[in-house]
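Reading through the structure tokens given below for one structure.
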Amino acid sequence: MKFRPEKLKIKDQRMKPFIDPDEIWEYIKTAKASKERVREVIAKSLDKNRLTLEETAVLINARDKELVEEIKQGARKLKEKVYGQRIVLFAPLYVGNFCINNCAYCGFKSSNTQITRVTLEKEDLKAQVKALEDTGQKRLILVYGEHPIYDANFISDTVRTVYSVKSGPGEIRRVNINAAPMDIDGFRTIKDAKIGTYQIFQETYHEPTYAKVHLGGVKKNYEWRLTALDRAQEAGIDDVGIGALFGLYDWRFEVLGLVRHTNHFEAVYNVGPHTISFPRIQYASQLNIDKSHLVSDIDFTKLVAILRLAVPYTGLILTAREPSSIRDEILQFGVSQIDGGTNIEMGGYAKRKNNENQNIDLEQFQINDNRSLNEIMEELIGHGYIPSFCTACYRLGRTGEHFMEFSVPGFIKRYCQPNALMTMVEYLEDYAPPPTKEKGYRLLQEKLNEMENDGFKEKLVEKLEQLKQGKRDLYF
Ligand code: SAM
Ligand code: SF4
């Protein structure tokens, strides 16, 4: 289904702001959430159509317990239909926490004198990457504060360094970035370093709230940030991630802001964002925010289910900011990527194996899921999920407008699931302790049994055999 920009009050133009707060509030105030209408909207989404702002507002306004359960049920169904049982795994790696901005919610803000400021030296960065590879990670997201020292050249150098580190069978095959907005030239420089996704969160789409919580530095400029990923697209980065920091303003407004951002990209660049993130505010050193918009667990799980239904083809990322109980629940209805074995202390991975003794003075905020990568792998496998470290599409240039994995019939069955299984087997062979290995191979067998006996299955079985014999990095 194509988005119809003529319905919006602000016409979409490249690199121009696109949020009209009155329009968003109008939808929230007027969308009627009758049983019939909510069911109609869920059905539309289950047909794999992206929802309009009005339809998303219908789901937002559904308060009846039974209807909310139907929304979650719909999200579960849609997830299985679109993504199958795969969950992609990654780890964040903090490169530097110097920052010129003064974001009220963040431990790295310039006014926080309690925090220890660090930029990883090249050798330290390599040590971090080696430690991550030694646990089995293949996909990283590099995170930076906003500071003139972290310019496009610096970021590109760190990306190249990360790709250069090989430890035994370990290597990082995809490096994503979460860093401050750049100009078009800066984005071109980063693209040349072969980044995967460029992720920037708007934090809040509500401009007055944005002004209240961004008290200094470049980040004060709402429009520069709002149009950042347009500039990335102009520079040829067609793989971008958006997000909102939930807890700054009314969650209903932020959900519609994210959907509006998605349809802006579709209208102007003919491709939606690759991922949406929905971090919820966590405790941070010197946290200083108005707490009236903090989002409850009940609203949070509902909003993730709504996002799943609103943008069926966009990956949803859930991080270790959330405790394992919430992560486990939300995984069922719509999340496609999670981090595992996360340690966000500067230099933390090489220092110790888990996050047991968090040092909040070295961290941006507190995380709540301290499980190791292996613990997460074992749990995912135990629940029938296929943990995936797949990087095939990005490395084969299957990204952006030219390629939507979902527009090719049978793509997931033919490529995504087999690739996920192969990366799982690499993990089982190279890093898994015996209990995980045993469970993993059992899951593999189950999935193979479920597959039709067509040419694809044969090819997969052949490749799996090669993996067991020591070949690596095989994909379709
Ligand atoms: N400095 C860059 C920026 O602001 O875009 C890059 C990354 S910042 C380190 C990553 C994200 O962490 C922010 O965009 C924000 O959404 C999130 N974040 C900041 N403080 C947080 C907190 N207290 N709890 C949860 N997430 C937080
Ligand atoms: Fe700096 Fe980003 Fe933290 Fe803001 S969120 S203080 S820009 S690191």
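The values are calculated or read from the model by the stated rules, or taken from the named source; none is laboratory data. From a predicted model like this one, the values you see are computed outputs, not experimental measurements. Neighbour counts are summed over all protein chains in view; Cβ atoms, including those assigned to glycine, are modelled from backbone coordinates with ideal geometry.
Observations, loosely collected:
- Note on segment 398-445: among residues that are of a type in the set (S, T, Y) and in a loop (DSSP other than H, G, I, E, B), the one that is modelled with the lowest pLDDT is T399.
- Residues (more than 14 Å from ligand 1 (Cβ to nearest atom), at pLDDT 80 or above and surrounded by 22 or more Cβ atoms within 10 Å (Cβ to Cβ)) located in segment 348-370: Y349
- Meets criteria (closer than 30 Å to K7 by Cβ and in contact (Cβ under 8 Å) with a residue 12 or more places away in the chain) for L125: no
- Listed by first and then second residue, the pairs linking a residue in segment 87-105 that is under 12 Å from V143 (Cα atoms) and not assigned by TED's automatic domain parsing to the domain that holds I115 to a residue that is near ligand 1 (Cβ under 10 Å from one of its atoms) and not acidic (D, E), with Cβ atoms under 6 Å apart and 6 or more places separating them unless they lie on different chains, form an empty list.
- Selection count where residues are among the polar types (S, T, N, Q) and at pLDDT below 95, scope segment 208-263: 1
- The test for being in contact with a strand residue (DSSP E or B) (Cβ under 6 Å, 6 or more places away or on another chain), in contact (Cβ under 8 Å) with a residue 12 or more places away in the chain and under 19 Å from E133 (Cα atoms) does not hold for T436.
- V41 vs. criteria in a helix (DSSP H, G or I), under 23 Å from I330 (Cβ atoms) and free of Cβ contacts under 8 Å to residues at least 40 places away in the same chain: no
- Failed item in (1) surrounded by fewer than 17 Cβ atoms within 10 Å (Cβ to Cβ); (2) away from ligand 2 (no atom under 16 Å from the Cβ), with G170 passing the rest: (1)
- Enumeration of residues in segment 127-165 that are outside any helix (DSSP H, G or I) and closer than 16 Å to Q199 by Cβ: R139, L140, I141, L142, V143, Y144, G145, E146, Y150
- Any hit, segment 157-180, residues being in the same structural domain as L132 (by TED's automatic domain parsing), under 20 Å from the mean Cα position of the chain (by Cα) and of a type in the set (G, A, S): yes
- Only a single item in (1) more than 19 Å from the chain's Cα centre (by Cα); (2) crowded, with 22+ Cβ neighbours inside 10 Å is not met by I149, and it is number (2).
- You will find that of R188, R260, the residue that is among the charged types (D, E, K, R), away from ligand 1 (no atom under 14 Å from the Cβ) and over 19 Å from Q13 (Cβ atoms) is R188 and no other.
- Of the criteria (1) within 16 Å of ligand 2 (Cβ to nearest atom); (2) touching a residue at least 24 places away in the same chain (Cβ under 8 Å), which one F154 fails: (2)
- Search result, residues across segment 447-476 that are in contact (Cβ under 8 Å) with a residue 60 or more places away in the chain and assigned to a helix (DSSP H, G or I): K447
- One residue from Y150, Y163 being out of contact with any helix residue (DSSP H, G or I) (no Cβ under 8 Å at 6 or more places or on another chain) and more than 22 Å from F365 (Cβ to Cβ): Y163
- Looking only at residues of segment 268-287 that are part of a loop (DSSP other than H, G, I, E, B) and hydrophobic (A, V, I, L, M, F, W, C), we find that the one that is farthest from ligand 2 (Cβ to nearest atom) is V271.
- Residue check, K219 touching a residue at least 60 places away in the same chain (Cβ under 8 Å) and in contact with a strand residue (DSSP E or B) (Cβ under 8 Å, 6 or more places away or on another chain): yes
- For segment 303-343, a tally of residues being over 16 Å from the mean Cα position of the chain (by Cα) and either assigned to a loop (DSSP other than H, G, I, E, B) or aromatic (F, W, Y) (or both) returns 2.
- Elements of type helices (runs of 4 or more DSSP H) in segment 207-246, at least 1 residues being of a type in the set (S, T, N, Q): 207-213, 228-234
- Residue list for segment 258-279, restricted to those being over 15 Å from S336 (Cα atoms) and buried (at least 21 other Cβ atoms within 10 Å of the Cβ): L258, V259, R260, H261, T262, N263, H264, F265, G272
- Counting the residues of segment 191-203 that are surrounded by fewer than 20 Cβ atoms within 10 Å (Cβ to Cβ) and either part of a helix (DSSP H, G or I) or within 16 Å of ligand 1 (Cβ to nearest atom) (or both) gives 3.
- Scanning segment 203-219 for residues that are within 14 Å of C106 (Cα to Cα) and more than 24 Å from the chain's Cα centre (by Cα) yields K212, L215, G216, G217.
- Residues being within 24 Å of the chain's Cα centre (by Cα), part of a helix (DSSP H, G or I), modelled with pLDDT under 95 and more than 21 Å from I177 (Cβ to Cβ) are entirely absent from segment 86-99.
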